[in-house]
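Here the structure is laid out as structure tokens; the discussion comes afterwards.
The values are calculated or read from the model by the stated rules, or taken from the named source; none is laboratory data. Owing to the predicted nature of the structure, the values given are computational and were not obtained by experimental measurement. Here the Cβ is made from the backbone with ideal geometry for all residues, glycine too, and neighbour counts use every protein chain on show.
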Amino acid sequence: MSPVTDTKALQQLFDELASEYDQHIPFFATYGRSLVAWCGLQPGQRVLDIAAGRGAVAGPAALAVGPRGGVVAVDIAPGMLRALSADHRDLPQLTTRVMDAHELDFPDARFDAVTCGFAFHFLDDPEQAIAEAHRVLCPGGLLAFSTPPAGPAQGEDEEPGRQEDDPWGFSVVLMQDMTERLSKTKKPNPYTPPSRPLPQICAEAGFTGIEQRSERATFAMRDPQHCWDFSMSHGFRGQVDSLGPELAEEFRTRLFAGLERMHANGGITLDDMAATFYRMRKA
């Protein structure tokens, strides 16, 4: 199952998710702090955070630029920005605006840096969003963003498959089965990966010095329900919903069966949860 690419669907989905987003485990917050640390933001800089969610990147960025700087967090989902404002009310240098990443309502060369956490791969037209990020950056400005682990759609080889004794091996088989069965239905599928690797899109937009690194973190889950609640609190819920009621219920039942086995055999750990970071400059 691939990322969602319908803008209206994204707005509705993330408005619905806002109250639970990143509340079950600090997944996005963990990688947001790491991305900002890698950016090397300086006091006084002006930063735009695209698809900001509840501020996993925007909050640390606001701390980095300090009261003399400023961070504008934009998101298509008003509910997310309301939650962001409540979470970061002690940072007056952090402001919010409801905005589509494809049409940034800012003048050219407005920002010193543009950031984006786990969103470019979700967008309807990543080429347009990245071109907009390039437009609003000052010459020499920084673009930094995170994505799920790089695979063929990002221009890299697939990571080695899970071993048979891996406790999460069942989930890989389950996902493959669901994807194949969904493809056999004739329902419209709003989930498609970027047409070309994101680094290639960035280079074509005029970015140079593209750097990449991987980050990994581990999260412990209390029980199967905790794991399910986390899974349904972010964009993956849209992928499950796309299965339709019958397949979605089968997916949940089979997933819970595997999670129950893991829980009984020592606990559920989301180990080596990976992210890929990119940073680059506007020429």
The range 93-140, residues that are over 19 Å from the mean Cα position of the chain (by Cα), among the polar types (S, T, N, Q) and part of a strand (DSSP E or B): Thr95
Out of the residues in the range 33-73 meeting the condition of being of a type in the set (D, E, K, R) and under 15 Å from the mean Cα position of the chain (by Cα), tell me which one is surrounded by the most Cβ atoms within 10 Å (Cβ to Cβ). Asp49
Of the criteria (1) closer than 30 Å to Val136 by Cα; (2) buried (at least 18 other Cβ atoms within 10 Å of the Cβ); (3) under 22 Å from the mean Cα position of the chain (by Cα), which one Met221 fails: (1)
Among the candidates Ala29, Ala62, which residue alone is over 28 Å from Met221 (Cα atoms), free of Cβ contacts under 8 Å to residues at least 40 places away in the same chain and not in a strand (DSSP E or B)? Ala62
Of the residues that make up the range 222-245, is at least one farther than 21 Å from Ala119 by Cα, in a loop (DSSP other than H, G, I, E, B) and modelled with pLDDT of 95 or more? yes
Run Ala248 past the list (1) touching a residue at least 24 places away in the same chain (Cβ under 8 Å); (2) in contact with a helix residue (DSSP H, G or I) (Cβ under 6 Å, 6 or more places away or on another chain) and report the number of the one that doesn't hold. (1)
Tabulated pairs, the range 181-207, first more than 19 Å from Ala9 (Cα to Cα) and modelled with pLDDT under 75, second small (Gly, Ala, Ser) and in a loop (DSSP other than H, G, I, E, B), C-beta under 9 angstrom, 6+ apart or interchain: Thr185/Gly244
Please tell me if Asp87 is at pLDDT 95 or above, charged (D, E, K, R) and crowded, with 24+ Cβ neighbours inside 10 Å. no
State whether the residues of the range 266-275 include one that is within 20 Å of the chain's Cα centre (by Cα), in contact (Cβ under 8 Å) with a residue 24 or more places away in the chain, surrounded by 17 or more Cβ atoms within 10 Å (Cβ to Cβ) and part of a strand (DSSP E or B). yes
Pairs under 9 Å by beta carbon, first residue on the phi > 0 side of the Ramachandran plot in the range 83-112, partner outside any loop (DSSP other than H, G, I, E, B) and surrounded by fewer than 16 Cβ atoms within 10 Å (Cβ to Cβ), six or more apart or different chains? Ala109/Cys138; Ala109/Pro139
Taking the residues in the range 105-136 that are touching a helix residue (DSSP H, G or I) at 6+ places or on another chain (Cβ under 9 Å) and among the β-branched types (Val, Ile, Thr) as candidates, determine which candidate is surrounded by the most Cβ atoms within 10 Å (Cβ to Cβ). Thr115
Quick one: what pairs do we get from the range 7-21, first residue modelled with pLDDT under 95, second acidic (Asp, Glu) and assigned to a helix (DSSP H, G or I), C-beta under 6 Å, 6+ apart or different chains? none
Filter the range 137-154 for residues that are closer than 25 Å to Ala37 by Cα and modelled with pLDDT under 50; the one that is surrounded by the most Cβ atoms within 10 Å (Cβ to Cβ) is Gln154
